[in-house]
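Just so it is clear, none of the values below were taken in a lab; they were calculated from the coordinates. Being a predicted model, the structure only gives us computed values, none of them experimental. All Cβ positions, even for glycine, are placed from backbone atoms using ideal geometry, and neighbour counts span all protein chains on display.
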Amino acid sequence: MKCSLCGLEFKEEEGASHCRGCPLARSCLLVRCPGCGYEVPLEPKFLKSFKKWRKKINETKR
Amino acid sequence: MRTQELVIVGSPNVGKSVIFNLLTKRYVTVSNYPGTTVEVMRGKARIEENEFEIVDTPGMYSLCPITEEERVSRSILLREKARIVLQVIDAKNLERMLSLTLQLIEAGLPLVLDLNFMDEAEKLGMKIDIVSLEAKIGIPVVATVATQGIGISLLKRRLVQYSKRGARSIKYDRIIDSSIEQLEDLLKREYPISRRSIVTLLLQGDPEIESLVRLKEGDNYPFIKKILQEIRKQYSHPMNYVLGLYRQKQASQIADLVVLPSSSGKVGPGERLSRWMMNPFTGLPIALLVLFGLYEFVGVLGAQISVDFLEIIVFGGYINPFVTEIVRRIIPWLFLQNLFVGEYGIITLGIRYAIAIILPIVATFFLAFSVIEDTGYLPRLAMFVDRFFKKIGLNGRAVIPIVLGFGCDTMATITTRTLETKRERIIASFLLALAIPCSAQLGVILALLAGKPKSFAIWAGVVALVFFLIGYLASRLLPGERPLFYMDVPPLRWPKLSNILSKTYTRVEWYFKEILPIFVLASILIWAGKITGLFDLVIRGLGPLVQAIGLPDEVAPVFLYGFFRRDFGAAGLFDLTRGGGLSGVQLVVAVVTLTLFIPCIAQLSITIKERGLKTGLVMVAFIFPFAFLVGFLLNLAFNLLGVKL
C-alpha cells in the first residue's frame, strides 16, 4: 500500500500493527500509515482480486 | 570468519528495505523487537568474502526519539555496537535529512551515507557533488538508485573497505559548546555512543538517556542534572528546538555547498507548482481555490443532483409511501409503527438520512477528495499550514492529526498520542473536538451552503477564526515545548482514474458500513426517548439555547443528532433546510454552532480515554456553552448589521 499523505509504501500488516490499543480496531476497515499516521481504507477483496486478474491478463499478453 | 554487523537507518520511505533486500538475498528473519510490537528485519549477506548480519531498522528522523519505531531504531544503535551504520537518505531531501547524518556523526557511529533516489533528484534539477559532500562531512558517501540496482556494487565495495576516520562535528554556540565540554568531563563511565552525543541528548531531556546516565554515574548525577538545568535556563526555547536549529542550519550550509545548480538552471513546472503550494503567499489562494472547487463539486453534484433524485424521487415517491403502507397494515400499534416509519422511524429517518442524504454527498466528497489526495497536494497542505500552526503554538507533528481530523475526528484524536508533549496532545485533542469538522460533516455542510458562496465564506471564516484564536489562547495557557516538523513530500503527479475510483469506492463502502448501523441505532434511541419522554425533555432543555441564537425550536433535535454522530446532525439540518425551515442567516448561525458543538459520542469517549476524564469533561464544559456563545454573537452581528443572506 502507498500512503496518500507521505508516500510511504508499506504492507497492510505493518499498518494494522499501529492500531493496537484503539477500541475501534476490531471492526475498523482503515489502515494507518506507519510513517505519518494517515489512515487509508482497506481495499475490498473483490477489487484486489480484480486488480490481480488484470495484472495476470497483462502479463499473459506480453 | 567473524560476522560483522551492519545496521541500516534512515527516515521512513527512503528505500531502506530495498537496499536491505539487495544486500541480503538469504536467511531473512522478521521478529518483534523485544518488549515492543515493532518489527525488525535481519538478514545475512556475504560481500567479497566478508560475512555481514544486516539489520533493517524502522524509520527514524532524529536520534532523540518520539515514536516507538524511533525508540527501537535508537536502541539498536545503542545496544548492538554495529561495525558499520549505513544511513539511507532521499537525495531529493538532502538538506533536511543531513540533520540526522550530523547527529549520527556526532554520536561517533561508524557511518556510511547512501544518497538514494538520485534519479528523482536529477529530474528535479539537483546535481549533488558527492566527492565534495564526502570531504565536507568526513564519511564515505555513495549515490544509488536502489530500485534499479544502480550504485549497489559501489555501495558494497565502500562497505567492505570501510575504516573509521575523523568526521565533521556540529558546532553550536559558545555557551552550548563550552557546557558540552564541561559535562563531557563529568561523565566518567563508558557509553555506547560518544559522550558529546550523550550530553546533547541529556540537554534535550531524553528520558532513556537520563536513566542510563543516572544509573552509570550514581552520586555524580545530581551535579550533572544541576548544570543541565542551568544551561536550559539560559535559553527561551526548549533545547531540542535550539540544538535542532543549529543542526539544520549546518545541514543547509553543507547542502548549499554541494548541490550544484542544474545545467539548464530551470525548475520544472511540477516543482514550481509544488513550491507555490507550500509558499506562505501563494499557498493560501491555492488552498482557497481547492476548497472552493470542493464546495462547488459537492454542492452541485452531490447536494443538488444526487440528493434531489434519491430523496425526492426514490424515497419520497416510492420507498417511504410503500414502507409506511406496509408497516401500518402489519403493525396495529401506533407506538410500534413509529419505530419504523414516521418522523423518527428507522426507515424514514435513519435509513433515509444514510442513503438519500449522506451517501450521495459523502460519495461526491470522497470522489473529489481522492483526486486531491492522488495529486500529492495533502503533504504540501500540511507543510503550508504548519507555518500558521506554529503561530498558535501548535506545531510539529500536530499538523497530521489536525489534517486527519478532516477525515475522522475520532481516529485523529487517537493519533494525537504520537505528539511529543502533553501540552500538544491536549491542544490538538481540544481543537479537534471544537473546530474540525469530520469528512462527512464537512461534506454535508458544503452541500447545505451550496449556491450560497457568501454564507460559505462566513462559515469558513468564523470556524477558522475560532480555530486560530482558541488555539492561540490554549497555547498561552499551556506554555511548553515546540518540536520541529519533519515530513517527506513526494512528487506531484497526475491523478489516475483507476486509483480515484478504487479509493472512492473503498471509502464509501467503509463509511456506509460504519454509519448505517449507527443511524439505525440512533433512530431506535430517539424512538425509545420519545416513549419515555426523555427525548422531549432534552429538546425542551435545548429550546432556550436554540432560541437565544435566533433559531426555531425545530433545530433543537439537530444538536441531539449531532451528539450521536456529527454527520447525523448535519443531515438533520439539511433535511430541515430543504423543507424551508430556515432563513439564510439562520442557516449560517446553525451551521457554525453545529460545527463547534460538542464532539460525537465516539470522539468524546476516545478523548476521555486518551486525555483522561477530567480533561475530557473540561473540554465539554467549555465547548458546549462556547458553541452557543459564538452562534449568539454571530446572530447578534447579523441583526445589528442588517445582513441578509
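Computed from the C-beta positions of B:ASN50 and B:GLU184 and an R0 of 41 Å, the FRET efficiency is 0.75 to the nearest 0.05. Summing charges over all other residues whose Cβ lies under 15 Å from the Cβ of B:VAL585, with Lys and Arg as +1 and Asp and Glu as -1, gives +3. DSSP assigns beta bridges within the stretch B:4-160; of those with both partners inside it, close to 40 percent run antiparallel.
In this structure the amide hydrogen of B:ILE150, modeled in the peptide plane, comes within under 5 Å of the amide hydrogens of B:VAL145, none closer than 5 places in sequence on its chain. When the alpha carbon gyration tensor of the stretch B:174-266 is reduced to an equivalent ellipsoid, its three semi-axes come out at 34, 15, 11 angstrom, largest first.
Kindly work out what percent of the DSSP beta bridges joining two residues of chain B are antiparallel, to the nearest 5. Roughly 45 percent of the DSSP beta bridges within chain B come out antiparallel.
Once the Cβ-Cβ distance of B:ARG79 and B:LEU501 is raised to the sixth power relative to R0 = 41 Å, the FRET efficiency obtained is 0.30. Summing Lys, Arg as +1 and Asp, Glu as -1, what charge do residues with Cβ under 14 Å from the Cβ of B:LEU434 carry, B:LEU434 excluded? Once positives and negatives cancel, what remains is +1.
Applying the criteria of a DSSP loop state and at most 16 other Cβ atoms within 10 Å to the chymotrypsin sites (Phe, Trp or Tyr not before Pro) of the stretch B:257-345 yields B:PHE281, B:TRP333. Taking the C-alpha atoms only, the angle from helix B:320-330 to the longest principal axis of chain B is near 70 degrees.
What's the local net charge at B:GLU48, with K and R +1, D and E -1, over the other residues with C-beta under 14 Å away? Net charge around B:GLU48: +2. Loop-located GluC sites (Glu not before Pro) in the stretch B:18-68 (DSSP state not H, G, I, E or B) with no more than 10 neighbouring Cβ atoms inside 10 Å: B:GLU48, B:GLU49. Multiplying the residue separation of B:LYS123 and B:LEU636 by 0.36 nm and removing their Cα-Cα distance gives an extension gain of 179.1 nm.
Axis of helix B:422-435 versus longest Cα principal axis of chain B: the two differ by about 30°, to the nearest ten degrees. Rounded to the nearest whole angstrom, the semi-axes of the ellipsoid equivalent to the protein assembly as shown, taken from the Cα gyration tensor as √(5λ), stand at 51, 29, 24, largest first.
Here the simple spin-label model places points 7 Å from the Cα toward Cβ, and for B:ILE601 and B:ARG275 these points are separated by 5.3 nm. Once backbone amide H atoms are built at 1.01 Å from N, B:GLN4 has B:GLU51, B:PHE52, B:GLU53 as its partners under 5 Å, excluding neighbours fewer than 5 places away on the same chain.
Using θ = phi - 60° in the Karplus curve 6.51 cos²θ - 1.76 cosθ + 1.60, the 3J(HN,Hα) couplings for the stretch B:585-595 round to 5, 4, 4, 5, 4, 5, 5, 4, 5, 5, 5 Hz; x is entered for Gly and Pro. Karplus-derived 3J(HN,Hα) values for the stretch B:343-353, using 6.51 cos²θ - 1.76 cosθ + 1.60 with θ = phi - 60°, are 4, 10, x, 4, 7, 7, 10, x, 6, 5, 4 Hz; glycine and proline are entered as x. Extension gain, B:GLN304-B:GLU134: 0.36 nm per intervening residue step, less the Cα-Cα distance, totals 55.1 nm.
Each Cα pair under 8 Å and six or more residues apart adds its sequence gap; the mean of these over the residue count of chain B is a relative contact order of 11 percent.
The angle between the Cα long axis of helix B:534-548 and the longest principal axis of the Cα atoms of chain B comes to about 80 degrees, rounded to the nearest 10. Database remark: amide H of A:VAL31 closer than 5 angstrom to the amide H of A:VAL40, A:LEU42 (H placed geometrically; neighbours at sequence offset of 5 or more, or on other chains; Pro and chain starts carry no H). Restriction of the GluC sites (Glu not before Pro) in the stretch B:172-268 to DSSP coil positions whose beta-carbon has at most 14 other beta-carbons within 10 angstrom yields B:GLU190.
Remark on chain B: ratio of C-alpha radius of gyration to 2.2 N^0.38 Å is 1.13. Here r is the Cβ-Cβ distance between B:ARG329 and B:LEU521 and R0 is 25 Å; the resulting FRET efficiency, rounded to 0.05, is 0.45.
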